[in-house]
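Working notes, structure below.
The values are calculated or read from the model by the stated rules, or taken from the named source; none is laboratory data. Fair warning: this is a prediction, and the values are worked out from it, not measured in the lab. Cβ placement follows ideal geometry from the backbone for every residue including glycine, while neighbour counts extend to all protein chains displayed.
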There are 2 protein chains.
Amino acid sequence: MSPKITTELLKQLRQVMKSPKYVQEPVQAYIVPSGDAHQSEYIAPCDCRRAFISGFDGSAGTAIVTEQHAAMWTDGRYFLQAANQMDNNWTLMKMGLKDTPTQEDWLVSVLPEGSKVGVDPFIIPADQWKRMSKVLRSAGHDLVPIKENLIDTIWTDCPQRPCKPLITLDLSYTGVSWRDKIVALRSKMAERKVLWFVVTALDEVAWLFNLRGSDVEYNPVFFAYAVIGMNTIRLFIDGDRMTDPAVREHLQLDSTLEPEFKIQVMPYGSILTELQAVGASLSPKEKVWLSDKASYALTEAVPKAYQYLTPYTPICIAKAVKNTSETEGMRRAHVKDAVALCELFNWLEKEVPKGTVTEIIAADKAEEFRSQQKDFVELSFATISSTGPNGAIIHYKPVPETNRTLSVNEIYLLDSGAQYKDGTTDVTRTMHFGTPSAYEKECFTYVLKGHIAVSAAIFPNGTKGHLLDSFARSALWDCGLDYLHGTGHGVGSFLNVHEGPCGISYKTFADEPLEAGMIVSDEPGYYEDGSFGIRIENVVLVIPAETKYNFKNRGSLTFEPLTLVPIQTKMIDVSLLTQKELNWVNDYHQKCREVIGAELERQGRLEALQWLIRETEPLIRVQ
Amino acid sequence: MSPKITTELLKQLRQVMKSPKYVQEPVQAYIVPSGDAHQSEYIAPCDCRRAFISGFDGSAGTAIVTEQHAAMWTDGRYFLQAANQMDNNWTLMKMGLKDTPTQEDWLVSVLPEGSKVGVDPFIIPADQWKRMSKVLRSAGHDLVPIKENLIDTIWTDCPQRPCKPLITLDLSYTGVSWRDKIVALRSKMAERKVLWFVVTALDEVAWLFNLRGSDVEYNPVFFAYAVIGMNTIRLFIDGDRMTDPAVREHLQLDSTLEPEFKIQVMPYGSILTELQAVGASLSPKEKVWLSDKASYALTEAVPKAYQYLTPYTPICIAKAVKNTSETEGMRRAHVKDAVALCELFNWLEKEVPKGTVTEIIAADKAEEFRSQQKDFVELSFATISSTGPNGAIIHYKPVPETNRTLSVNEIYLLDSGAQYKDGTTDVTRTMHFGTPSAYEKECFTYVLKGHIAVSAAIFPNGTKGHLLDSFARSALWDCGLDYLHGTGHGVGSFLNVHEGPCGISYKTFADEPLEAGMIVSDEPGYYEDGSFGIRIENVVLVIPAETKYNFKNRGSLTFEPLTLVPIQTKMIDVSLLTQKELNWVNDYHQKCREVIGAELERQGRLEALQWLIRETEPLIRVQ
């Protein structure tokens, strides 16, 4: 990788930072965050402004350009990549290290007195604006919104904002019509006494209207906003997508409807003025509900007295609890996904010893097998296909420069998933195609014990996921090991593979309590820098648990694995498992054999079926 | 309990709320919080203003009196007690119930437009003021500080503020001189670039100067503030306590000292004006460090630009990590405490069957045995001596109205502790003096499994205590049970039995990481309303753990029990214990027998020694 030469670009940016054509007053610093106007995890090429100006294209980072400096904040995953991709104009700010200043503190240290710091108000979340603005103000500077994005003004070959056709999902997939979702949303609004709700997250718009898109890679969403009133529905969306008859019918755009279900379609770009009009029309005590992570631009469109901000929106919470149609769809998707992986692992077992399979080839093969399954749409994230030392890089993605050949001497870690029209998958398996060492088996078994500890955990209704995180680590901790990531994240239903408001991580406290119907991942790991990585990940469904007693009538919950892919028994040191853990593995493999075996047979994939049967042989304790 | 008649008192309070003698402008509401000016957990009689005005004397509650209403907010522990102690003038606001409004929301709902809400600025913590003031302001009201406490103006027989003699602690107890503590504090101040530190919590003043007092029950502290500059030390304290030659020598008040260690003694009441003078003397970028829980009055004495507020002060954090002298003192205190409890349980075993021992008698007897031990000072909290259904009331304290006789048919729970000059104890044991039922044993064993899971846990350096909380619950959760309190709290060294900044609880996220030398309690429980309560509590010391591996060189920690009192084996269902748990119990009892046995022998308490030997017989698994 050679760095991007940014001297000319930075010169141009510094010019527009002073140009009366774009800024009311010159700004002495300009912030370029990672995100788009919807605070999406995956962004469209036209939103990769930070990568454009700096060359650094990792998923997380914030650039700040002043008259003298250009600095990039990113986290430990990307220190190396950012250093390689950026030229000498840039200073790398390593987040998480003790001596690295925050963006605010750095600005205060380098700016001349009374400076103006500019940012695109659509790109910065309101909560972040508030924090940053406060620090700058107390040091005598001003954070100012710059309406025109200054990167866009110098980005001459900026790609167009995608505007791909929409997919309509009928009741058999969603279980609930968009009309009923609107009714439920309005009842939540009434409970909180708010008159308006602004939908800003792309997956929330998609979920609410039972539509999907492909404007962004991996996440089946489309660029849109919605503003829901007690009697109005406004959908802000561009292009000719609303001329598609299937979409028109789905949204009943041409039907005679009660006015409160009539969808007004408006241009994507008109959200701000429409929201300002809503704001201006309010009387005292009338409120507008927004996520506190919505953009500063939209939040400020509503006068402060009328804002009702929460960390999780009612849609985010409703979306997390899957109904029967959704869980059944997720089950189907996971069966198909398991079929593809059985095919893949069977193929790898034969091909790896030949020395011809690279990480990229393996990843492509996984995609090929998945794409053969019904209703396959795309991958749900960039496949992590990593062998040997690459496995220790937690967010690794093979590229030609790093591409390593799989062998019988190294551990192989595959973290991959797909979008099917009926559900989203995300699974990690760690395999050895030769003979693992005793130490590799020992570490794998600790990770497996952690995986089982979470998967088999029983806990009261109302428990937050972060309270389960330590269960995943206990076996590792006992011998001085650990892993430096959370244990699980929420998973959407044919939607984003990472979604809130629940998860299993020591890092958060504000997650919403787990409830039956929520779906999360369970993915402890262990990583040894320079040698190997281990992770075992299932997607699991929160279900009610039967218990002997029932304290305060609260009821209990546990998890049911939706992922049904064998866990390589060759990697397990059985002597380290308790009887309960051994039974869990055998029961899990029995279920894989039954459910996935039947589907492999139905699809006539008999060689993969043989592989499955071999891999799901019950473990026996050798005395 | 008959309620306190408050009609006349409320009438008087409402008069002073309008009297120009006390308030600049009439206030339409007056808030009476629980606390004192130091945000203490235990308060002196003169600070029990909320109890005086309402009759409700539980440890937590806030009264608000308006022209029309009088309302009391308290939590689930006190719903019954508050209802019994308050007359019809009062409305009970049950905190934690869904329909109960917050104090702010309630005020907004009952106050006429543009009201003033008064509060004593010394009693309300700054963070709470901020929260409350914001809500009131956004509804058009004002929170206003009332200098003279309005309750004090109508409390004609208000007791005097205590002013008891001080105890000096030499190096053999504290390990570090007050001079060295000042040096360490100043170096923390220099690190954060603050010029002044204001010590507002009573235990922090006591710890810093190696002094103890008895102004408040249970907590060996005295009323004082301190303001530490880089070259000055000001101690604000009343009475003739500074004329005591031992104290004068301890503080070197009459020695020729470097000026930066010369303590200026000032009247307790002068803190505000002195702090205002400090605030007025500051130049830009000079900061004053205060706890964000310090009173609004003191926080506001420093102009906002100069305030440096943190949730935990450097003293709070330094105090939590005990040095060798302190841990050795804590060990000695726990040995003496165990001797007293062996005597007590041996005595109870003989006396309970006679039917003559009540909860109060048992509590008094426990105190009697403790007071026979060297350097006993007082109890460290009100003894929870509870049998049968009373055991299910988590914060029970026996009073004549509830006093129950111990019997061979009921479980007895004793949660008690003491202050010795060398340490603070807090221990809970749950005993049966007859034959426990299978169900009682089952529940006890789950609690024991949780206790062991925490006590034997190994975890990485830097782990926060709240991440261990679920370990204590796992065995209970597995069969649908739980307990509704945290698992552990920090414990002071001859200081407050509850102290920050560490603990083991699902309720917090902001605790500081555990480190070697910290001392916490490990006290899971199970409570069945109307029938029994079970809790097993040890005070444990955080110590380094030996592990097979050492991930990222972080090192690991575990706990060593300081409490060495037998856990009644009669209550244990051995079949529910793993081999590891069984070994833990036997090893623990072996240590109790050795350490406490030797001390019982030394003290010639041979009958109690026989009891100890009987109670520490190793458990054997019956196949």
Only one of A:G118, A:G76, A:G55 is closer than 30 Å to A:F222 by Cα, within 24 Å of the chain's Cα centre (by Cα) and not charged (D, E, K, R), namely A:G55
Of (1) touching a residue at least 24 places away in the same chain (Cβ under 8 Å); (2) in contact with a strand residue (DSSP E or B) (Cβ under 6 Å, 6 or more places away or on another chain); (3) in a helix (DSSP H, G or I), B:S133 fails just (1)
Going through the stretch B:447-466 in order, the residues found to be at pLDDT 95 or above, surrounded by fewer than 24 Cβ atoms within 10 Å (Cβ to Cβ) and within 11 Å of another protein chain (Cβ to nearest Cβ) are B:A453, B:A456, B:A457, B:I458, B:P460, B:N461, B:T463, B:K464
From the option list B:L379, B:L341, single residue qualifying as within 21 Å of the chain's Cα centre (by Cα) and within 25 Å of B:T487 (Cβ to Cβ) is B:L379
Cβ pairs under 7 Å, 6+ apart or interchain, first in the stretch B:301-317 and more than 24 Å from B:F209 (Cβ to Cβ), second outside any strand (DSSP E or B), ordered by first then second residue, are B:P303/B:G279; B:Y306/B:G279; B:Y306/B:L282; B:Y306/B:E286; B:Y306/B:K287; B:Q307/B:T299
Residue count, the stretch B:142-158, condition farther than 19 Å from B:Q12 by Cα and free of Cβ contacts under 8 Å to residues at least 60 places away in the same chain, comes to 2
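Please tell me if B:K591 is over 22 Å from B:L481 (Cα atoms) and within 14 Å of chain A (Cβ to nearest Cβ). Give the steps one after another, and end with the answer.
On the way: over 22 Å from B:L481 (Cα atoms): yes; within 14 Å of chain A (Cβ to nearest Cβ): no.
When the stated conditions are applied, B:K591 does not pass them.
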A:E440: passes all of (1) within 19 Å of A:Y506 (Cβ to Cβ); (2) of a type in the set (D, E); (3) more than 25 Å from the chain's Cα centre (by Cα) but (1)
Pairing a residue in the stretch B:447-462 that is without any contact (Cβ under 8 Å) to a residue 40 or more places away in the chain with any residue that is among the acidic types (D, E) and surrounded by fewer than 22 Cβ atoms within 10 Å (Cβ to Cβ), where Cβ atoms lie under 9 Å and the two sit 6 or more apart in sequence or on different chains, gives B:A453/B:E581
Taking the stretch B:211-252 and keeping only residues that are farther than 23 Å from B:F494 by Cβ and aliphatic (A, V, I, L, M), one is left with B:V227, B:M230
Exactly one of B:T256, B:T243 is free of Cβ contacts under 8 Å to residues at least 24 places away in the same chain and closer than 21 Å to B:R161 by Cβ, and that residue is B:T243
Just one listed residue, out of B:T508, B:T563, B:T569, B:T558, is closer than 14 Å to B:F459 by Cβ, among the hydroxyl-bearing types (S, T, Y) and out of contact with any Pro (no Cβ under 7 Å at 6 or more places or on another chain), and it is B:T558
Residue hits (the stretch B:105-125; among the hydrophobic types (A, V, I, L, M, F, W, C), surrounded by 21 or more Cβ atoms within 10 Å (Cβ to Cβ) and in contact with a helix residue (DSSP H, G or I) (Cβ under 7 Å, 6 or more places away or on another chain)) are B:L107, B:V117, B:I124
Check the stretch B:337-344 and report whether any residue there is of a type in the set (A, V, I, L, M, F, W, C), in contact with a Cys (Cβ under 8 Å, 6 or more places away or on another chain) and closer than 22 Å to B:T563 by Cα. yes
Counting only helices (runs of 4 or more DSSP H) entirely within the stretch B:1-89, those with at least 1 residues that are among the β-branched types (V, I, T) and touching a helix residue (DSSP H, G or I) at 6+ places or on another chain (Cβ under 7 Å) are B:7-16, B:49-54
Listed by range, helices (runs of 4 or more DSSP H) wholly within the stretch A:213-305 having at least 1 residues that are under 23 Å from A:P125 (Cα atoms), more than 14 Å from chain B (Cβ to nearest Cβ) and touching a strand residue (DSSP E or B) at 6+ places or on another chain (Cβ under 9 Å) are A:271-280, A:296-301
Q.
Condition (residue is at the interface with chain B (Cβ under 9 Å from one of its Cβ atoms) and among the polar types (S, T, N, Q)) applied to the stretch A:513-534: is it met by at least one residue?
A. no
In the set B:I360, B:I411, the lone residue that is surrounded by fewer than 20 Cβ atoms within 10 Å (Cβ to Cβ) and modelled with pLDDT of 95 or more is B:I360
Q) Within the stretch A:497-504, is even one residue surrounded by 24 or more Cβ atoms within 10 Å (Cβ to Cβ), modelled with pLDDT of 95 or more and within 16 Å of A:I536 (Cα to Cα)? A) yes
Picked from the stretch B:467-493 (must be more than 10 Å from every other protein chain (Cβ to nearest Cβ) and part of a loop (DSSP other than H, G, I, E, B)), the residue nearest to B:I394 (Cα to Cα) is B:H485
| said: Given the condition part of a helix (DSSP H, G or I) and within 14 Å of another protein chain (Cβ to nearest Cβ), answer yes or no: does some residue in the stretch A:184-203 qualify? | reply: yes
Per the list (1) within 14 Å of chain B (Cβ to nearest Cβ); (2) surrounded by 23 or more Cβ atoms within 10 Å (Cβ to Cβ), residue check on A:A510 breaks on (2)
Restricted to the stretch A:136-160 and to residues being part of a loop (DSSP other than H, G, I, E, B) and within 14 Å of chain B (Cβ to nearest Cβ), the residue surrounded by the most Cβ atoms within 10 Å (Cβ to Cβ) is A:A139
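Here are A:L612, A:L564: which of them is under 24 Å from A:E349 (Cβ atoms), among the hydrophobic types (A, V, I, L, M, F, W, C) and more than 29 Å from the chain's Cα centre (by Cα)? Break it down into steps so the answer makes sense when it comes.
On the way: A:L564 fails: more than 29 Å from the chain's Cα centre (by Cα).
After ruling out the rest, the residue left standing is A:L612.
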Being among the acidic types (D, E), within 17 Å of B:S115 (Cβ to Cβ) and out of contact with any Asp or Glu (no Cβ under 6 Å at 6 or more places or on another chain) narrows B:E8, B:E41, B:E25 down to just B:E25
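Out of A:Q160, A:Q103, report the one residue that is closer than 26 Å to A:N496 by Cβ and of a type outside the set (V, I, T). If you could, list the steps in order and put the result at the bottom.
Numbers: A:Q103 fails: closer than 26 Å to A:N496 by Cβ.
None of the other options fit; the residue is A:Q160.
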Within the stretch A:547-565, restricting to residues that are facing chain B (nearest Cβ under 9 Å) and out of contact with any strand residue (DSSP E or B) (no Cβ under 8 Å at 6 or more places or on another chain), the one that is nearest to A:A320 (Cα to Cα) is A:K552
- Query: Would you call A:I394 surrounded by 17 or more Cβ atoms within 10 Å (Cβ to Cβ), modelled with pLDDT under 95 and closer than 30 Å to A:N84 by Cα?
  - Reply: yes
The residue that is farthest from A:G213 (Cα to Cα), considering only those in the stretch A:411-443 that are within 14 Å of chain B (Cβ to nearest Cβ) and of a type outside the set (D, E, K, R), is A:A438
